[in-house]
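Asker: Shown below is the structure under consideration.
The values are calculated or read from the model by the stated rules, or taken from the named source; none is laboratory data. Quick caveat: nothing in here was measured; it's all calculated off a predicted structure. Neighbour counts are summed over all protein chains in view; Cβ atoms, including those assigned to glycine, are modelled from backbone coordinates with ideal geometry. Please note that ligands, DNA and RNA were not included when accessible areas were found on the heavy atoms of the full protein model with its side chains. Shrake-Rupley method; radii C 1.70, N 1.55, O 1.52, S 1.80 Å.
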Amino acid sequence: EPSCRVPQKGQRGHMTQQTETHAKLVVDDEFKVGPVHDRVFGSFVEHLGRCVYTGIYEPGHPTADEEGFRQDVIDLVKELGATTIRYPGGNFVSGYNWEDGVGPKQDRPRRLDLAWHSTETNQFGLHEMASWLRKAGGNELMEAVNLGTRGLAEALDLLEYANVPEGTARSEERIRNGAEDPFDIRMWCLGNEMDGPWQTGHKSAEDYGKLAASVAAGMRMIDPDLELVVCGSSSHTMDTFGKWEETVLEHTFDKVNFGSAHAYYFPQIMPDGSRDMASFLASGVDMDGFIKDVGAAIDATRSRLKSDHNVYISFDEWNVWYMGEEPSKNPEGIGNWPVAPRLLEDIYSVADAVVVGDLLITLLQNADRVHAASLAQLVNVIAPIMTEPNGPAWRQTTFYPFSLTAAWAKGGSVLEPKIESPQYHTDRYGDVASTNAVAVRGADGSVAVFVTNRSLDDECTFDIKLPEGFTPHEIEARTLHDDDILAANTLHDQHRVEPYTNDSASMHSGTVSVTLPPVSWTAIQIR
């Protein structure tokens with residue numbers, strides 16, 4: 001496939017000799033972390049590459065409806081189980097005029113998108129997004145406002161346009177543009193990654209904190225019940241991390257509901273040219289530390305301000321992303337501003353999917369802190385769903401851990417993970433647990449367990465000790481694994497990697513046992 005990252009051989013630390021280890025998870029109903037928040041299974045649609053154009057929107061496609069939405073993609077989005085969709089960015093939003101994307105399509109201007117060095121046609125905007133969300137299963141819209149090149153006045157105009165029923169200039173404009181009912185958007189991002197020097201309109205923590213506070217206060221004068229997300233750090237490794245959170249929260253704490261966190265992971269290339277897969281498979285260790293550090297900053301600010309208000313984490317960008325590699329490079333040149341170029345179209349391997357499953361486990365383990373999250377992104381751009389223009393749509397390997405976790409965890413309660421696991425060494429994080437797991441008690445009384453075997457070499461016998469009195473009637477175990485950890489689903493081999501029924505699952509004396517192959521993700525439902 002053109003412009004696609006194909007996984008390379010030469011993975012560091014992969015051995016052929018396999019040994020067997022043992023790990024154990026104790027499921028205890030007495031120790032709950034918190035409910036599974038539906039918003040944790042959110043995703044992200046940005047005007048970037050082919051996420052929108054030839055992704056979710058392609059007039060003329062064989063499956064396109066009267067609005068130009070690809071039905072094959074809608075079907076996969078429903079299967080994925082995505083909930084809240086963050087839109088329209090991302091870096092894109094920091095230079096975006098929302099007014100360009102409403103009104104008659106023939107009158108909408110073409111603009112330069114500075115974030116991704118592309119041309120934005122504005123044929124898809126707020127109205128189209130709201131309509132697409134209804135057709136995709138009633139997903140919630142999480143709208144971002146531009147605090148890069150714009151500010152308070154434009155944010156208030158957008159809120160009035162979107163949420164005021166009628167009787168004002170902006171609300172009547174929305175009605176004339178075909179939406180008689182307001183969009184009633186409840187969750188709003190106050191800008192995007194404003195800590196990043198790459199961001200159009202990048203600001204210091206002090207300047208951004210003051211701006212975000214004024215925008216939050218103004219928006220609440222229109223609707224005091226909005227849920228607002230203030231920009232946290234765009235990486236755990238930012239030089240300003242920690243200080244940024246505390247400075248911004250000092251200005252905004254009682255005015256917002258969430259602080260954002262963003263993290264992307266990929267296997268680092270080592271001096272010998274191989275990839276550090278051992279550390280990559282333990283990426284959840286970094287995410288867990290990131291969440292706990294942000295939580296500490298929230299707690300410290302809350303204490304310092306003597307506030308009785310709670311601020312949670314919206315982990316609204318997370319994924320595997322092979323940054324710096326060819327598909328991630330922007331177009332260049334004063335005359336080269338293409339429409340919907342192939343950007344960030346990583347082709348994901350089994351190892352990548354295991355890491356995505358491990359990161360989902362980590363998000364659930366922190367359900368007391370993380371009340372929303374967005375897998376970035378939904379289609380084509382570092383995405384679980386891929387499409388070809390005028391062609392098929394298919395599931396990447398990363399589709400499966402997300403869809404199964406969403407299907408089996410929604411509506412349940414996360415139980416405190418009590419894990420006994422062997423350890424293995426990583427260059428990046430030191431010694432880490434080779435097995436990572438979480439249990440969710442379903443509203444129907446079932447127990448769902450999600451587990452990764454991070455080891456490159458060792459098969460693991462994984463025991464789940466069930467609560468006293470729990471009598472299983474049915475056990476289903478699904479494993480994602482391949483002897484080739486670089487195996488991937490592609491345009492020409494769309495079903496190369498799929499979860500399979502793990503027939504090793506058995507029950508004995510209140511304990512369920514499952515064999516986990518190396519570099520694998522497994523979902524177990526005990527009914």
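Asker: Need the failing condition index for Gln18 against (1) out of contact with any helix residue (DSSP H, G or I) (no Cβ under 6 Å at 6 or more places or on another chain); (2) open to solvent by 30 Å² or more (accessible area, probe 1.4 Å); (3) at pLDDT 95 or above, just the number.
Answerer: Checking Gln18 against (1) out of contact with any helix residue (DSSP H, G or I) (no Cβ under 6 Å at 6 or more places or on another chain); (2) open to solvent by 30 Å² or more (accessible area, probe 1.4 Å); (3) at pLDDT 95 or above, the one that fails is (3).
Asker: Residues of segment 154-174 being open to solvent by 60 Å² or more (accessible area, probe 1.4 Å) and either out of contact with any Ser or Thr (no Cβ under 8 Å at 6 or more places or on another chain) or of a type in the set (A, V, I, L, M) (or both), which ones? Let's see the steps before the verdict.
Answerer: The first filter runs over segment 154-174 and keeps only residues open to solvent by 60 Å² or more (accessible area, probe 1.4 Å), leaving 165-167, 169, 172.
Result: Glu166, Gly167, Ala169, Glu172.
Asker: Now, a different point. What is the residue count in segment 189-228 for residues that are outside any helix (DSSP H, G or I) and under 15 Å from Ser94 (Cβ atoms)? Spell out the reasoning first.
Answerer: Keep residues of segment 189-228 that are outside any helix (DSSP H, G or I), which gives 189-204, 223-228.
If we keep only those that are under 15 Å from Ser94 (Cβ atoms) as well, we get 189-203.
The qualifying residues number 15.
Asker: Got a number for residues in segment 257-267 being surrounded by 21 or more Cβ atoms within 10 Å (Cβ to Cβ) and either of a type in the set (Ser, Thr, Tyr) or assigned to a helix (DSSP H, G or I) (or both)?
Answerer: 2
Asker: Here's another thing I want to ask about it. Filter segment 76-98 down to residues that are over 16 Å from the mean Cα position of the chain (by Cα) and of a type in the set (A, V, I, L, M, F, W, C), then give me how many there are.
Answerer: 4
Asker: Moving on to the next point. From the residues in segment 268-317 that are touching a Gly at 6+ places or on another chain (Cβ under 7 Å) and in a helix (DSSP H, G or I), which one is nearest to Phe253 (Cα to Cα)?
Answerer: Among residues in segment 268-317 that are touching a Gly at 6+ places or on another chain (Cβ under 7 Å) and in a helix (DSSP H, G or I), the one nearest to Phe253 (Cα to Cα) is Ile298.
Asker: Tell me which of these Val440 doesn't satisfy, since it passes every other one: (1) in contact with a Gly (Cβ under 6 Å, 6 or more places away or on another chain); (2) β-branched (Val, Ile, Thr); (3) modelled with pLDDT under 95.
Answerer: Unmet for Val440, out of (1) in contact with a Gly (Cβ under 6 Å, 6 or more places away or on another chain); (2) β-branched (Val, Ile, Thr); (3) modelled with pLDDT under 95: (3).
Asker: So is Leu486 at pLDDT 95 or above and within 23 Å of Glu20 (Cα to Cα) or not? Step through it out loud before you land on a result.
Answerer: Numbers: at pLDDT 95 or above: yes; within 23 Å of Glu20 (Cα to Cα): yes.
Considered against the rule, which asks whether it is at pLDDT 95 or above and within 23 Å of Glu20 (Cα to Cα), Leu486 comes out as yes.
Asker: Would you confirm, using the coordinates I've provided, whether Glu1 is more than 30 Å from Pro467 (Cβ to Cβ), at pLDDT below 95 and in contact with a His (Cβ under 9 Å, 6 or more places away or on another chain)?
Answerer: Working: more than 30 Å from Pro467 (Cβ to Cβ): yes; at pLDDT below 95: yes; in contact with a His (Cβ under 9 Å, 6 or more places away or on another chain): yes.
When the stated conditions are applied, Glu1 passes them.
Asker: Turning to a different aspect of this structure: When you scan segment 282-289, do you find a residue that is in contact with a strand residue (DSSP E or B) (Cβ under 8 Å, 6 or more places away or on another chain), in contact (Cβ under 8 Å) with a residue 24 or more places away in the chain and surrounded by fewer than 22 Cβ atoms within 10 Å (Cβ to Cβ), even just one? Lay out the reasoning, then the answer.
Answerer: So in segment 282-289, the residues in contact with a strand residue (DSSP E or B) (Cβ under 8 Å, 6 or more places away or on another chain) come out as 282-287.
Imposing the further condition that a residue be in contact (Cβ under 8 Å) with a residue 24 or more places away in the chain reduces the set to 282-287.
Filter again for surrounded by fewer than 22 Cβ atoms within 10 Å (Cβ to Cβ), leaving 285-286.
Yes, because at least one residue in segment 282-289 is in contact with a strand residue (DSSP E or B) (Cβ under 8 Å, 6 or more places away or on another chain), in contact (Cβ under 8 Å) with a residue 24 or more places away in the chain and surrounded by fewer than 22 Cβ atoms within 10 Å (Cβ to Cβ).
Asker: Here are Glu388, Glu326, Glu332, Glu345: which of them is among the charged types (D, E, K, R), within 20 Å of Ala136 (Cα to Cα) and surrounded by fewer than 24 Cβ atoms within 10 Å (Cβ to Cβ)? Outline the logic, then answer.
Answerer: Values: Glu326 fails: within 20 Å of Ala136 (Cα to Cα); Glu332 fails: within 20 Å of Ala136 (Cα to Cα); Glu345 fails: within 20 Å of Ala136 (Cα to Cα).
That would be Glu388, the only listed residue that is among the charged types (D, E, K, R), within 20 Å of Ala136 (Cα to Cα) and surrounded by fewer than 24 Cβ atoms within 10 Å (Cβ to Cβ).
Asker: Need a quick list: strands (runs of 3 or more DSSP E) entirely within segment 437-527 having at least 3 residues that are open to solvent by less than 10 Å² (accessible area, probe 1.4 Å) and in contact (Cβ under 8 Å) with a residue 12 or more places away in the chain.
Answerer: On the way: elements: 447-453, 459-465, 475-480, 506-508, 511-516, 520-526.
Counting at least 3 such residues, we get 447-453, 459-465, 475-480, 511-516, 520-526.
Asker: For segment 42-68, how many residues are over 16 Å from Glu143 (Cβ atoms), aromatic (Phe, Trp, Tyr) and in contact with an Asp or Glu (Cβ under 8 Å, 6 or more places away or on another chain)?
Answerer: Result for segment 42-68: 1.
Asker: Say whether the condition of being modelled with pLDDT under 95 and over 24 Å from the mean Cα position of the chain (by Cα) is met by at least one residue in segment 274-281. Working first, answer last.
Answerer: Narrowing segment 274-281 to residues modelled with pLDDT under 95: 274.
The next check asks that each one be over 24 Å from the mean Cα position of the chain (by Cα); those that pass are 274.
The answer is yes, given that some residue of segment 274-281 is modelled with pLDDT under 95 and over 24 Å from the mean Cα position of the chain (by Cα).
Asker: In segment 507-527, which residues are out of contact with any His (no Cβ under 9 Å at 6 or more places or on another chain) and modelled with pLDDT under 95?
Answerer: Result: Met507, His508, Ser509, Gly510, Thr511.
Asker: Here is a check on your reading of the model: is Ala407 crowded, with 18+ Cβ neighbours inside 10 Å and of a type in the set (A, V, I, L, M)?
Answerer: Numbers: crowded, with 18+ Cβ neighbours inside 10 Å: no; of a type in the set (A, V, I, L, M): yes.
In short, no.
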